[in-house]
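Q: Would you mind keeping the following structure in view while I ask a few things?
The values are calculated or read from the model by the stated rules, or taken from the named source; none is laboratory data. Quantities reported herein were computed from a predicted structural model and do not represent experimental measurements. Neighbour counts run over all protein chains shown; Cβ positions are idealised from the backbone, glycine included.
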Amino acid sequence: MPRVSQAHLDARRQQIVDAARARFASHGFAHTSMADIIAESGLSNGAIYRYFTSKEQIVIAVCEQGTEALPKALTPEAVAGFLEYVRARARENRHAQLVAQIYAEAAVSPPLAAVVQRQLAAMRAAVAELVPESRRADAAAIAEAFVALCASYSQQLAIRGDLDPAPFTAALMAIIRE
């Protein structure tokens, strides 16, 4: 029996994660079964279970790939660009709905909560590094507020639909400048 390459194995695993992401975004975690993920992926039961033994493992894999691209600077243009990126992902693939579901599921799943907590900590650390020198003493608090407001923007997109990021950009810039 020929061995398959690691690239092939990685592609199949990604196919499963992509199928699950699409199904979770459109139907939610509670209304998605392993059978739904199998159907969405086009793979067999055996193929799915080779990579994941439970839906929770798939949810965690989806979450682990969900890190947002943060702004490269805390300027109005960079922050607006970042929020527009979040907005575009919400429109294109219902990413905001998926994030809302991940947060809700993390509230009752310690393994998923650990992944989300690591991601949020990494985001806060990255933002803190971008805080202007004149505000360095407040970098941790600024990063905490920045990440919280960005998460709120995503949640608002999930619930209210397409929203102009301008008021959120203005609020984030006010936090940074104070």
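Q: Quick one: R135 ticks every box in (1) surrounded by fewer than 18 Cβ atoms within 10 Å (Cβ to Cβ); (2) under 15 Å from P71 (Cβ atoms); (3) over 18 Å from the mean Cα position of the chain (by Cα) except a single one, so which number is it?
A: With respect to (1) surrounded by fewer than 18 Cβ atoms within 10 Å (Cβ to Cβ); (2) under 15 Å from P71 (Cβ atoms); (3) over 18 Å from the mean Cα position of the chain (by Cα), R135 is out only on (2).
Q: Residues to consider are A114, A128, A143; find the one that is surrounded by fewer than 16 Cβ atoms within 10 Å (Cβ to Cβ) and either free of Cβ contacts under 8 Å to residues at least 24 places away in the same chain or at negative phi (or both).
A: After ruling out the rest, the residue left standing is A114.
Q: Are any of the residues in segment 62-72 of a type in the set (K, R) and loosely packed, with under 15 Cβ neighbours inside 10 Å?
A: Going residue by residue through segment 62-72, those that are of a type in the set (K, R) are 72.
Adding the requirement that they be loosely packed, with under 15 Cβ neighbours inside 10 Å leaves 72.
Yes, because at least one residue in segment 62-72 is of a type in the set (K, R) and loosely packed, with under 15 Cβ neighbours inside 10 Å.
Q: Then there is this: When you check Q97 against the structure, is it among the polar types (S, T, N, Q), assigned to a helix (DSSP H, G or I), more than 21 Å from A30 (Cβ to Cβ) and modelled with pLDDT under 95, yes or no?
A: Working: among the polar types (S, T, N, Q): yes; assigned to a helix (DSSP H, G or I): yes; more than 21 Å from A30 (Cβ to Cβ): no; modelled with pLDDT under 95: yes.
Criteria not met by Q97.
Q: With modelled with pLDDT of 90 or more, farther than 27 Å from L9 by Cα and aliphatic (A, V, I, L, M) as the only criterion, which of A78, A73, A39 stands out? Talk me through it step by step, then tell me what you get.
A: Numbers: A73 fails: modelled with pLDDT of 90 or more; A39 fails: farther than 27 Å from L9 by Cα.
When all the criteria are applied, what remains is A78.
Q: Another one. Mind counting the residues in segment 13-71 that are closer than 30 Å to E129 by Cα and either without any contact (Cβ under 8 Å) to a residue 12 or more places away in the chain or touching a Lys or Arg at 6+ places or on another chain (Cβ under 6 Å) (or both)?
A: Of the residues in segment 13-71, 1 are closer than 30 Å to E129 by Cα and either without any contact (Cβ under 8 Å) to a residue 12 or more places away in the chain or touching a Lys or Arg at 6+ places or on another chain (Cβ under 6 Å) (or both).
Q: Turning to a different aspect of this structure: Looking at segment 84-92, is at least one residue of a type in the set (A, V, I, L, M), within 30 Å of F168 (Cα to Cα) and outside the structural domain of E133 (by TED's automatic domain parsing)?
A: If we filter segment 84-92 for residues that are of a type in the set (A, V, I, L, M), which is where we start, we get 86, 88, 90.
When the remaining residues are screened for being within 30 Å of F168 (Cα to Cα), the result is 86, 88, 90.
So of that shortlist, the ones also outside the structural domain of E133 (by TED's automatic domain parsing) come out as none.
No, every residue in segment 84-92 fails to be of a type in the set (A, V, I, L, M), within 30 Å of F168 (Cα to Cα) and outside the structural domain of E133 (by TED's automatic domain parsing).
Q: Under the condition of being more than 30 Å from I58 (Cα to Cα) and free of Cβ contacts under 8 Å to residues at least 40 places away in the same chain, which residue from segment 73-107 is nearest to the chain's Cα centre (by Cα)? If you could, list the steps in order and put the result at the bottom.
A: Our first condition is that a residue be more than 30 Å from I58 (Cα to Cα); within segment 73-107, this holds for 73-81.
With free of Cβ contacts under 8 Å to residues at least 40 places away in the same chain added as a condition, the list becomes 75, 77-78, 81.
Numbers: T75: 23, E77: 22, A78: 19, G81: 17 Å.
It comes out as G81.
Q: Evaluate segment 158-166: report whether one residue or more is more than 29 Å from R23 (Cα to Cα) and assigned to a helix (DSSP H, G or I).
A: First pass over segment 158-166, keeping only residues more than 29 Å from R23 (Cα to Cα): 166.
Those left that are additionally assigned to a helix (DSSP H, G or I): 166.
Within segment 158-166, one or more residues are more than 29 Å from R23 (Cα to Cα) and assigned to a helix (DSSP H, G or I).
Q: Next question. Say whether the condition of being assigned to a helix (DSSP H, G or I) and touching a Phe, Trp or Tyr at 6+ places or on another chain (Cβ under 7 Å) is met by at least one residue in segment 37-45. Can you show your working first?
A: Narrowing segment 37-45 to residues assigned to a helix (DSSP H, G or I): 37-41, 45.
With touching a Phe, Trp or Tyr at 6+ places or on another chain (Cβ under 7 Å) added as a condition, the list becomes none.
No: zero hits.
Q: In addition: Only one of (1) in a helix (DSSP H, G or I); (2) in the same structural domain as L172 (by TED's automatic domain parsing) is not met by K72, so which one is it?
A: Failing condition for K72: (1).
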